[in-house]
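The values are calculated or read from the model by the stated rules, or taken from the named source; none is laboratory data. Note that this is a predicted model, so its numbers are computed, not measured. No Cβ is skipped: glycine too gets one built from the backbone with ideal geometry, and neighbour counts run over all protein chains shown.
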Amino acid sequence: MGDPAGIGPEVLLKSYKKARAMHNLVAISDFDKIKTLAERYDVPLRKINHIDDAENFKDQLNVLSLNYPRDFFPGEFDVENAGSVIESIRIGTELCLKKKVSAMVTGPINKSILRKRGFKFSGHTDYLEYLCECKKDTATMMMLNRFLKIIPLTIHEPLGQVSSKIKERLIGKKITLIISEIKKYFHSTPKIAVLGFNPHAGEDGQIGNEEMLEIVPAILKFQRNKNCVVDGPFPADGFFGSKEYKNYDVTLAMYHDQALIPLKLLAFSDAINFTLGLPIIRTSPGHGTGIDIAKDFKADCNSFFQAILFAGTMSNLIKSRRTPTF
């Protein structure tokens with residue numbers, strides 16, 4: 001559910017009511033502290049202490065209870081609950097790795113609050129990478145909605161440092177991962193668009209040289225690969241303005257806002273995060289903690305709901321491919 005002070009608990013409960021007919025859901029939370037909020041949304045709860053005790057999923061939300069030191073106060077971050085927020089992510093990951101559950105959906109967290117309790121990661125993605133014992137920088141955030149699948153090459157980097165991070169090797173590594181993961185989940189030969197970094201994609205070196213020195217050489221290495229199509233670098237404004245993105249399965253952007261602004265303009269409430277490169281299925285809503293609106297209890301749960309549906313879809317795809325046919 002993410003940080004209990006934000007909208008995470010609210011969108012979790014609202015989404016359960018919409019998704020329970022389609023998927024079996026278990027929440028990791030403090031049963032006693034989320035109970036009042038559940039009553040507000042008329043969601044029956046059942047406390048469980050072990051995942052194997054979950055039952056009657058359509059009639060009640062099973063809550064794998066985890067103690068949080070402080071009560072949940074919407075709109076008021078409490079560092080004393082940070083350790084439990086971190087532990088909830090670890091528990092969910094462990095359940096996925098042990099195949100006790102088929103996927104996990106994580107709620108939004110406040111990284112600065114967690115770091116006050118020893119969290120040494122930039123966010124969910126690299127923490128999950130660590131928990132899953134993956135190589136560093138393997139886990140990759142793919143943001144998507146019904147219009148667009150897009151991956152930022154760099155994520156939470158200050159804009160002034162992005163240029164130094166754009167390297168041929170990193171771009172090639174991301175494209176290789178995209179090919180592997182898209183074939184794994186979507187069973188297709190992916191068409192990948194790569195955006196430029198500078199205005200007009202550098203204009204042949206007239207406006208910056210990142211394209212000529214790093215981006216183009218990375219793209220050229222995939223031009224003869226029959227397992228994919230990789231084109232670019234495209235000037236970002238024209239690429240989205242002309243709706244060229246519709247001709248590609250995935251777009252690789254160079255930095256955070258270049259990826260997320262068009263995604264959220266196209267359909268903000270549908271946007272979700274799907275983490276590539278992990279041995280587990282993990283999704284999350286495409287928004288933050290919403291601390292400024294948490295006290296109003298008017299949060300739109302659609303992003304969290306879509307994250308649940310997409311996790312279920314991916315889980316079913318993987319299961320169907322593992323099931324032998326006769």
Six or more apart or on different chains, Cβ under 9 Å: which pairs go from a residue in the range 195-208 that's touching a residue at least 40 places away in the same chain (Cβ under 8 Å) to one that's of a type in the set (Asp, Glu)? Could you list them? 196/210; 196/211; 197/210; 197/211; 197/214
Qualifying residue in the range 298-305 (condition: in a helix (DSSP H, G or I) and either assigned by TED's automatic domain parsing to the domain that holds residue 192 or surrounded by fewer than 22 Cβ atoms within 10 Å (Cβ to Cβ) (or both)): yes
Can you name the residue in the range 276-297 that is over 14 Å from residue 145 (Cα atoms) and within 11 Å of the chain's Cα centre (by Cα) and, of all such residues, is surrounded by the most Cβ atoms within 10 Å (Cβ to Cβ)? 282
List every residue pair whose Cβ atoms lie under 7 Å apart, where the two residues are 6 or more positions apart in sequence or sit on different chains, the first residue falls within the range 63-87 and is modelled with pLDDT under 95 and surrounded by 15 or more Cβ atoms within 10 Å (Cβ to Cβ), and the second residue, located anywhere, is of a type in the set (D, E, K, R) and not in a loop (DSSP other than H, G, I, E, B). 65/47; 70/80; 72/33; 74/295; 75/295
Hits in the range 147-172 (condition: at pLDDT below 95 and either under 15 Å from the mean Cα position of the chain (by Cα) or not assigned by TED's automatic domain parsing to the domain that holds residue 209 (or both)): 154, 155, 156
